[in-house]
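Working notes, beginning with the structure itself.
The values are calculated or read from the model by the stated rules, or taken from the named source; none is laboratory data. Small disclaimer: the values here were computed from a predicted structure and weren't measured. Cβ coordinates were reconstructed from backbone atoms using ideal geometry, including for glycine residues, and neighbour counts include every protein chain displayed. Surface areas here come from the heavy atoms of the whole protein model, side chains and all, with no ligands, DNA or RNA. Shrake-Rupley method; radii C 1.70, N 1.55, O 1.52, S 1.80 Å.
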Amino acid sequence: MFGRRRKNRDAEAPGLADEGNFDSAPVDDEVQAPEGGPYDIDDIGEDAVGSRLDLGSVLVPLPPGGQIQVEMAPNGQPQAVHLVTQHGRITVSAYAAPKSPGQWREVAAELAESLRRDNATVSIESGPWGRELQGSTPNADLRFLGVDGYRWMIRCVVAGPAGSVTADSPLVETARAIVAETVVRRGQDPHPVRTPLPVVLPKALAEQLAAAQQQAAAQQAAQQAAAQQPLPPQQSAQQQQPAPPQQPAPPQQPAPPRPRHGESGSAMQQLGF
């Protein structure tokens, strides 16, 4: 797709020491990545970005027929952008990492432990970039893909209904294709290791989101204003008129006896309902 090959800068740096397996099945972490990406923007240049969705720190291709879902942080800033397909949801995020590879292995171990504490079923498999983590929860099935780059790490979260995140499923194949064509714009700003790199929405998407938020706020304000409107004058006058004096209640007549079992009527009627 691109005229320039991605530099293999990771191979120049020594790997981190393996501090032990966290799963029972052996996983090949030396699986060769497929030809292509993910790419570093410094290796391919801004001109090669093409039609990818530019989210600032990460640029991702849009799957055919996919939709964009923006997740906002409590401070009102975009936190993540999800790609929603007919099979499930794909989320690609970039994180700060050391120059040496190995961060994804540590993150995958912590994710597996966290899922197990939540009583999820967890398995570790080998994928195009090494280990992939699969978890089954009552609400959804999840698969985590990770790629170590030069001072960055990509984490892709694939979520869908039960059975949709197996290795050969259409959802996972789409996620791997997206990761393989993803571009990371790490930048030169210092970021602590594992810090999510900032997400910046394209101008058109930010304007659409702002318009939607304004519309929702206007609707909420209109509903609150309608609830606080004073009652019409006629209704208010009726409410302000003194209530007529109550007439003494007539003496109560003794209630007729309820029919007993065996008399005519259904069983519920016989019980007094």
So ASP40, is it more than 25 Å from ASP168 (Cα to Cα) and either open to solvent by less than 30 Å² (accessible area, probe 1.4 Å) or touching a Lys or Arg at 6+ places or on another chain (Cβ under 9 Å) (or both): yes
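When you check SER51 against the structure, is it small (Gly, Ala, Ser) and crowded, with 19+ Cβ neighbours inside 10 Å, yes or no?
no
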Qualifying residue in segment 129-151 (condition: at pLDDT below 95 and among the aromatic types (Phe, Trp, Tyr)): yes
Residue in segment 62-82 that is closer than 16 Å to PHE144 by Cα and either among the polar types (S, T, N, Q) or without any contact (Cβ under 8 Å) to a residue 60 or more places away in the chain (or both) present: yes
Residue tally, condition small (Gly, Ala, Ser), part of a strand (DSSP E or B) and surrounded by 18 or more Cβ atoms within 10 Å (Cβ to Cβ), over segment 68-99: 3
Selection from segment 168-184 of residues that are open to solvent by 20 Å² or more (accessible area, probe 1.4 Å) and in a strand (DSSP E or B): none
Qualifying residue in segment 102-109 (condition: assigned to a loop (DSSP other than H, G, I, E, B), more than 24 Å from GLN188 (Cβ to Cβ), modelled with pLDDT of 95 or more and open to solvent by 10 Å² or more (accessible area, probe 1.4 Å)): no
